[in-house]
Amino acid sequence: MPTYTVRTANLALTEDQKERIAAAITAAHNAHTGAPAYFAQVIFDPLDAGSHFLGGKPNPTPHVFVQGLIRSGRAVEVKAGLIQQIVEQVSAVAGLSTEDVWVYLQDIAATQMVEFGRFLPQPGAEDEWRKGFSSQKLASMARAGIKV
């Protein structure tokens, strides 16, 4: 399951902006990788004031940093499209220039990730893997409005 951490520096996102950014990242990941939308999770982590430095100097310019941990096995072109879509959509929602939205993707082998109590499937094997969810987990996800 991809985990995207969105860090903001010198910028306070509203709840609406967070929801729109999370939806945009989820949609981009699904569109470019084919992985189910419920696989994507987005975590927001604002930096404290005075915690962003460039060139060893405090940087007062608002920035958004998106770090995505994703399963390996995807083509360079797929990842490039994913990154570009995230940059464009996050900058639009946050009201920033694309120069102030930085995105990093890191590949991790599915055999090095455990989520929902099980090692993740290889890309393309999600449907079979999903059958292993307990009825309690499916019910809790349904209550949260997560489509599985």
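The values are calculated or read from the model by the stated rules, or taken from the named source; none is laboratory data. Remember, it's a predicted structure, so these values are computed and weren't measured experimentally. In this analysis, Cβ positions are derived from the backbone assuming ideal geometry, glycine residues included, and neighbour counts consider all displayed protein chains. To get the accessible areas, we keep the full protein, side chains included, count just its heavy atoms, and leave off ligands, DNA and RNA. Shrake-Rupley method; radii C 1.70, N 1.55, O 1.52, S 1.80 Å.
Structure summary
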{"read-out": "So residue 23, is it open to solvent by 20 Å² or more (accessible area, probe 1.4 Å), of a type in the set (Gly, Ala, Ser), within 28 Å of residue 146 (Cα to Cα) and within 13 Å of the chain's Cα centre (by Cα)", "value": "yes"}
{"read-out": "Pair list, Cβ under 8 Å, 6 or more apart: region 76-90 residue of a type in the set (Asp, Glu), other residue open to solvent by 40 Å² or more (accessible area, probe 1.4 Å)", "value": "88/98"}
{"read-out": "Given (1) surrounded by fewer than 18 Cβ atoms within 10 Å (Cβ to Cβ); (2) small (Gly, Ala, Ser); (3) not in a helix (DSSP H, G or I), number of the condition residue 81 does not satisfy", "value": "(3)"}
{"read-out": "Answer from 142, 125, 109 - the residue that is out of contact with any strand residue (DSSP E or B) (no Cβ under 9 Å at 6 or more places or on another chain), open to solvent by less than 50 Å² (accessible area, probe 1.4 Å) and more than 19 Å from residue 21 (Cα to Cα)", "value": "125"}
{"read-out": "Region 128-139: number of residues that are touching a strand residue (DSSP E or B) at 6+ places or on another chain (Cβ under 8 Å) and either of a type in the set (A, V, I, L, M, F, W, C) or assigned to a helix (DSSP H, G or I) (or both)", "value": "1"}
{"read-out": "Criterion violated by residue 70 - all others in (1) part of a helix (DSSP H, G or I); (2) in contact (Cβ under 8 Å) with a residue 40 or more places away in the chain; (3) surrounded by 16 or more Cβ atoms within 10 Å (Cβ to Cβ) satisfied", "value": "(1)"}
